[in-house]
Amino acid sequence: MQSRVRKERKPRDPKPEEWLARDLSQGYIADYKPFNFVDGEGVRCSIYVSGCKFACPGCYNKVAQNFHYGTPYTKQLEDTIIKDLGEDYCQGLTLLGGEPFLNTQVCLQLVDRMHAEYGHTKDVWSWTGYRWDELLRDSEDKLELLSKIDILVDGRFELPKKDLTLQFRGSSNQRIIDVQRSLKAGKVVLWDRLVK
Ligand code: SF4
């Protein structure tokens with residue numbers, strides 16, 4: 001007899017290099033939000049790339065799971081973002097989605113240009129559905145993007161662990177990681193301004 005108990009749906013778990021930006025990304029952007037206070041520390045310019053395959057139940061931005069959602073990333077948008085980042089009061093760039101690590105072409109182009117124009121006077125925060133250990137075992141483009149990020153919020157959104165009181169995270173499995181210190185130490189080092 002068929003069981004009537006419905007299995008709880010979970011986010012997907014990719015194998016290393018199973019999902020690659022070169023196969024999946026359409027170079028689309030779901031949104032761009034200049035000068036916001038919620039996507040990391042300080043005033044930030046946030047780009048929301050389109051496309052994510054984790055399919056977390058309760059995803060905060062389900063429309064952006066579609067790789068064709070929104071509009072193509074253009075040189076004109078890039079020029080606008082770079083100009084906005086130049087404001088003294090703007091602390092840096094935030095990459096969200098969708099999944100930035102499945103849109104590495106767009107993210108690397110933007111981060112590289114920001115570093116070329118402003119050096120490291122501006123920081124980079126990124127959200128990802130990948131866990132830290134998964135990224136380290138994945139493709140070269142993901143590792144390259146990781147190496148250029150300052151702060152990473154890692155891991156799927158897990159609905160049973162949802163906690164809206166956490167800083168910059170939706171569920172308690174997610175971590176705010178100091179990327180540069182972690183890469184140097186060879187282990188996860190959490191952001192030193194973590195309060196909760
Ligand atoms: S990783 Fe983020 S964008 Fe992707 S499905 Fe999960 S919550 Fe949504």
Inset, instruction - Would you check if N103 is touching a strand residue (DSSP E or B) at 6+ places or on another chain (Cβ under 9 Å), over 23 Å from L164 (Cα atoms) and of a type outside the set (V, I, T)? - result: yes
Inset, instruction - Would you mention how many residues in region 147-195 are of a type in the set (D, E, K, R), touching a helix residue (DSSP H, G or I) at 6+ places or on another chain (Cβ under 7 Å) and not in a strand (DSSP E or B)? - result: 2
Inset, instruction - Determine whether L135 is within 14 Å of the ligand (Cβ to nearest atom), more than 23 Å from Q76 (Cα to Cα), part of a strand (DSSP E or B) and at pLDDT 95 or above. - result: no
Inset, instruction - Restricting attention to region 61-100, report how many residues are out of contact with any Cys (no Cβ under 8 Å at 6 or more places or on another chain) and closer than 14 Å to W127 by Cα. - result: 2
Legend entry - Residue in region 24-32 that is within 14 Å of the ligand (Cβ to nearest atom), at pLDDT 95 or above and under 18 Å from D154 (Cβ atoms) present: no
Inset, instruction - Only residues in region 75-102 that are farther than 12 Å from I47 by Cα count as the first member; pair them with residues that are of a type in the set (G, A, S) and more than 16 Å from the ligand (Cβ to nearest atom), Cβ under 7 angstrom, at least 6 apart or cross-chain, and list the lot. - result: Q91/G42
Inset, instruction - Identify, from the list D150, D178, D112, D192, the residue that is free of Cβ contacts under 8 Å to residues at least 60 places away in the same chain, away from the ligand (no atom under 16 Å from the Cβ) and touching a His at 6+ places or on another chain (Cβ under 9 Å). - result: D150
Inset, instruction - Restricting attention to region 85-109, report how many residues are away from the ligand (no atom under 16 Å from the Cβ) and not hydrophobic (A, V, I, L, M, F, W, C). - result: 8
Inset, instruction - State which residue is modelled with the lowest pLDDT when the search covers only region 35-70 and only residues that are within 13 Å of the ligand (Cβ to nearest atom), of a type in the set (S, T, Y) and under 14 Å from the mean Cα position of the chain (by Cα). - result: Y60
Legend entry - In region 93-137, the residues that are in contact with a Pro (Cβ under 9 Å, 6 or more places away or on another chain) and either buried (at least 23 other Cβ atoms within 10 Å of the Cβ) or aliphatic (A, V, I, L, M) (or both): V106, C107, S126, W127, T128, G129, Y130
Inset, instruction - Working carefully through the options Y48, Y32, Y69, find the one that is among the aromatic types (F, W, Y), buried (at least 16 other Cβ atoms within 10 Å of the Cβ), under 20 Å from L108 (Cβ atoms) and out of contact with any Lys or Arg (no Cβ under 9 Å at 6 or more places or on another chain). - result: Y32
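The values are calculated or read from the model by the stated rules, or taken from the named source; none is laboratory data. The structure displayed is predicted, hence computed values, not measured ones. Glycine also receives a Cβ, built like all others from the backbone with ideal geometry; neighbour counts cover every protein chain displayed.
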